[in-house]
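Down below is the structure, laid out as C-alpha cells.
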Amino acid sequence: MSVELLADKLSSSFIVFENELNGETKTDLHRIRRESMAHFEKRGFPSIRQEDWKYTSLKPILKHDYKVFHKGDQALDFSDIKKFFIHDIDTYKIVFVNGVYSSWLSETTHQGYDICTFSAALRRHRDVTNQYFSKAADNTSAMVALNTAFAQEGAYIRMSKGMSAVKPVEIIHFTTEEAGSLLNQPRNLIVLEEGSEVQIIERHQSLGSKPVLTNSVSEIFVHANASLELYRVQNDADTASIINHTSIQQHRDSRVRTAVFSLGGKLMRNDLNIAFLGENAEAYLDGLTLLDDGQHADHHTRVDHRVPHCNSFEMYKGIYDGNSKGVFNGQIMVRPHAQKTNAFQQNNNIILGEKASVDTKPQLEIFADDVKCSHGCTVGQLDDEALFYLRSRGIPEHEAKALLLYAIGDEVIGKVRLKELRNRLHKLMAKKLNVDFQMEI
Amino acid sequence: MLHIKNLHASIEDNKILKGINLEVRPGEVHAIMGPNGSGKSTLSSVIAGREEYEVTEGSIEFLNEDLLSLSPEERAHAGIFLSFQYPVEIPGVSLTNFIKTSMNETRKAKGLEPYPAKDLLKKMRDCLELLEMDKGFLSRSLNEGFSGGEKKRNEIFQMALLEPKLAILDETDSGLDIDALRIVASGVNKLRSPKNSFVLITHYQRLLNYIEPDYVHVLFNGKIVRSGGKELAHELESKGYDWIKQELAEV
C-alpha cells in the first residue's frame, strides 16, 4: 500500500465515521473535526521535504494497510499484561485494548476529580471538552489534524481545584495479534485546575507481531499553582511505531515535569510543546533514548516563554547502537517582554554503533534582553580513558561500557519522582544493555 | 613473579621503550626513577594493558603466564593493579557501586560467588579507615570533584580492597602534600607482605623516605641504565639526573 492510498482510505473512513455520529455532526466539536480533516487532506502526510520532518521519514511505516476502526472487547488476562503496569503500587488505570476502552482492566474515578475516558467526557462533560478541545494542540500539523478529525477516545483527567490524586494514573494502550495492523489515534485531555496535582504514566504496548501505528495527541492545561508529572515509557515491539504530540499550557506558578524514555519501537516521534501563559511557572523536559538496530527516535520540543519570570530546564540524552538513528530539535522561544526568563537546554548523545547517527539542532529565538538562556549539544563516543580505568579494575569491557552508559541514563531516570517507576526503568535499562547487575545509584 | 625481557614498545610510531629488562620476585619493592619522558609511565601502561601502546619486541611474563596476551581486565583478575598517575573522573558511577562491580567481577572470573554485601561493606569501612578517608566518599561519584590528594588516596583504597599480587604505583607521590603522602605511604606499608610486590614509579626520591625499596632502577631514554639498592635513590637526589646523563655520554 502506498502513502497516497492510505490517505485516501482515511478520507473515506472519515465519511463512514461521520455517518455513524448521527446528530453529533451539528456540534462545534464536529465542526473542528471536519475542518481538521480538510486540513489533513490538503497537507497530506508529512514528508522529509518539510523542515520539521527532514530527518524522519514516515514512508516505511505508512505503507501498511492499517485498520482505522476498532472492534472492541478483546479479552486480555491481567496476569499476561501485569508486567506492563507499575504493579507494585496501587494506581488508577485507563486501559484500552485495540483502541477500545476496557472497563475490565481499568480503575477510574469520579470522586473529587474525574479520571476516565475522553468518550465519557464527550457525553457527560461537554462544557469542559468544548472549553479545551483543540485549544492547545498545534492543528497546523497534519498528524495532529488527522488525530483531531477522528478524535473520540483516549484518556480524560480533570483534577478539581485543590485536589491531589491519591495515587498515580496509568494510561496504557494495548494492541493484540488478533487485531492485525492497526492505526490507533488516542486523544487525551488533561486539565489540572488551580492548585491540583497528579502523576501520570503513559505507555503503548503491542502484544502482536503486526505493524501498529499510534498517532496520539495530548492536550494538557495546567492552571495556577497546579503540578503535573508526566512520564512516557516507550518500550514497544519493533513492529510498533508512535507519533506522539503533546501540547501543554502552563498558567502562573504551575510546575510541570515531563520525561520520555524511548527504549523500544520501530519509530518514535515525540513533539512536546510547552507554552507559559502565566508568570513564575516552571517546566522540566527530560528524555532518555536508548536505541538498537532498526530503531528511530525523533524528539521535537518547543518551549514558548510568552511571559516573564518562567523557568524551563531541558535535558535529553541519547545512546545509539547498531544502525539506529536519533533526532533532537529543541526550540526555545523567548518573546520580547518575557524578561527574567531562565531557559536551559542540554542534549548529549553517545554513538555506539558504527552505522548509528544522530541529528541534533538547538533552536534558540530570544527577543528579550534580560534573560538567562543556554544550550549545549554533544555527540561523542564513550570515554576510552574511563573505559580503560574500569577494565584495569577487573570489570570486563561489556560491563564497563554498560556501567558508563548506565550512569548516563541514570542522570535522567534519577529525576523520576516515583520510586517504583525508577526501579522499573533501571531494570529496563540493564536489560537493554544486556547486563545482570542491578545498581542502586 | 614479573619477568620483563627486552621490552620494546611504541605509540604512534614513536619508540618509547627500547629494551627493558626487569625481574620482580614476591615480596620485593622496586622503585623505578627517571627524568620526565624517559618512559616510566609507558612501562606502567604496557603492564596494565593500555591498548594504544604497541609492543614491538620482547615479552612480559606474570606468574609464568604471557601477560601481553591478556586483556586489561584479565590482567586485573590475575592480580595486577595500577595506581593511575591521573585517575579518571567518572560522573554517575558511585564509588560503592564501582568497588562492588570491580570486586565481584574479579571473584566471578575466579569462579567465586559474589561477596556477601555485609562483608564487603565492612571491608570497605576498614580500608577507608586505613586511608583516613571519610565514609561520605562511598556515595560520591568516582573521582568526580576529588582533590588531587583524594584521588591518589582513592587509588590506594582500591588497592587495599583488591589485594593485588603486584601493584604498580605510577607517580602516586606527585601532587601530594606531606600529610597525604604519609597516609598513602602508611597504607602501602601495611599492605606489604612476603607474597605481594610493588613497583613504585617516581620522579622524586621523597616517596622512598616513606616506602623503603629493595631495588632502585634508573630509566633513561627507554632503557634501564642503572640498578642498585636504595642508596642509588639518595645518590640521584643529591647529584640529579644530569649525573646519569653525563656518565652515559662519556660511555
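The values are calculated or read from the model by the stated rules, or taken from the named source; none is laboratory data. Everything numeric in this text was worked out from a predicted model, so none of it was measured. So basically every Cβ, Gly included, is an ideal-geometry build from the backbone, and we count neighbours across all protein chains shown.
Just a yes or no: is a residue in segment B:145-157 exposed (fewer than 15 other Cβ atoms within 10 Å of the Cβ), farther than 23 Å from B:I201 by Cβ and more than 9 Å from every other protein chain (Cβ to nearest Cβ)?
Yes, segment B:145-157 has at least one match.
Across segment A:127-158, what is the total count of residues that are outside any loop (DSSP other than H, G, I, E, B) and in contact (Cβ under 8 Å) with a residue 40 or more places away in the chain?
Count: 16.
Would you pick out the residues in segment A:269-293 that are of a type in the set (G, A, S) and closer than 17 Å to A:I350 by Cα?
A:G287 - this is the single residue of segment A:269-293 that is of a type in the set (G, A, S) and closer than 17 Å to A:I350 by Cα.
For residues in segment B:207-232 being touching a Lys or Arg at 6+ places or on another chain (Cβ under 9 Å) and among the aliphatic types (A, V, I, L, M), which is surrounded by the fewest Cβ atoms within 10 Å (Cβ to Cβ)?
Among those that are touching a Lys or Arg at 6+ places or on another chain (Cβ under 9 Å) and among the aliphatic types (A, V, I, L, M), it is B:L232.
Could you please give the count of residues in segment A:77-103 that are modelled with pLDDT under 90 and either of a type in the set (F, W, Y) or not assigned by TED's automatic domain parsing to the domain that holds A:Y156 (or both)?
1
What are the residues in segment B:162-185 that are surrounded by fewer than 22 Cβ atoms within 10 Å (Cβ to Cβ) and in contact (Cβ under 8 Å) with a residue 40 or more places away in the chain, if any?
B:L162, B:K165, B:E171, B:S174, B:I183
Just a yes or no: is a residue in segment B:93-103 modelled with pLDDT under 90, crowded, with 20+ Cβ neighbours inside 10 Å and polar (S, T, N, Q)?
Within segment B:93-103, one or more residues are modelled with pLDDT under 90, crowded, with 20+ Cβ neighbours inside 10 Å and polar (S, T, N, Q).
How many of the residues making up segment A:376-417 are over 27 Å from B:F81 (Cα atoms) and more than 9 Å from chain B (Cβ to nearest Cβ)?
10
If the requirement is being outside the structural domain of A:A338 (by TED's automatic domain parsing) and not in a strand (DSSP E or B), which of these qualifies: A:D253, A:D271?
Going through A:D253, A:D271 in turn, just one is outside the structural domain of A:A338 (by TED's automatic domain parsing) and not in a strand (DSSP E or B): A:D253.
Please specify each residue of segment A:160-179 satisfying the condition of being under 29 Å from A:D236 (Cβ atoms) and outside any loop (DSSP other than H, G, I, E, B).
Those that are under 29 Å from A:D236 (Cβ atoms) and outside any loop (DSSP other than H, G, I, E, B): A:V169, A:E170, A:I171, A:I172, A:H173, A:F174, A:T175, A:E177, A:E178, A:A179.
With small (G, A, S) and either exposed (fewer than 14 other Cβ atoms within 10 Å of the Cβ) or farther than 19 Å from B:D170 by Cα (or both) as the only criterion, which of B:G58, B:G34, B:G27, B:G49 stands out?
Just one listed residue meets the conditions, B:G58.
So which residues in segment A:391-418 are surrounded by fewer than 17 Cβ atoms within 10 Å (Cβ to Cβ) and either β-branched (V, I, T) or farther than 15 Å from A:R232 by Cα (or both), if there are any at all?
Of everything in segment A:391-418, those that are surrounded by fewer than 17 Cβ atoms within 10 Å (Cβ to Cβ) and either β-branched (V, I, T) or farther than 15 Å from A:R232 by Cα (or both) turn out to be A:E397, A:H398.
What tally of residues in segment B:61-106 results from selecting those that are over 15 Å from A:A386 (Cβ atoms) and either at the interface with chain A (Cβ under 9 Å from one of its Cβ atoms) or of a type outside the set (D, E, K, R) (or both)?
Final tally of qualifying residues: 25.
Is it the case that some residue within segment A:344-364 is within 12 Å of chain B (Cβ to nearest Cβ) and either at pLDDT 95 or above or within 19 Å of A:M315 (Cβ to Cβ) (or both)? Give the steps one after another, and end with the answer.
Initially, segment A:344-364 is screened for residues within 12 Å of chain B (Cβ to nearest Cβ), giving A:348.
So of that shortlist, the ones also either at pLDDT 95 or above or within 19 Å of A:M315 (Cβ to Cβ) (or both) come out as A:348.
Looking for residues that are within 12 Å of chain B (Cβ to nearest Cβ) and either at pLDDT 95 or above or within 19 Å of A:M315 (Cβ to Cβ) (or both), one finds at least one in segment A:344-364, hence yes.
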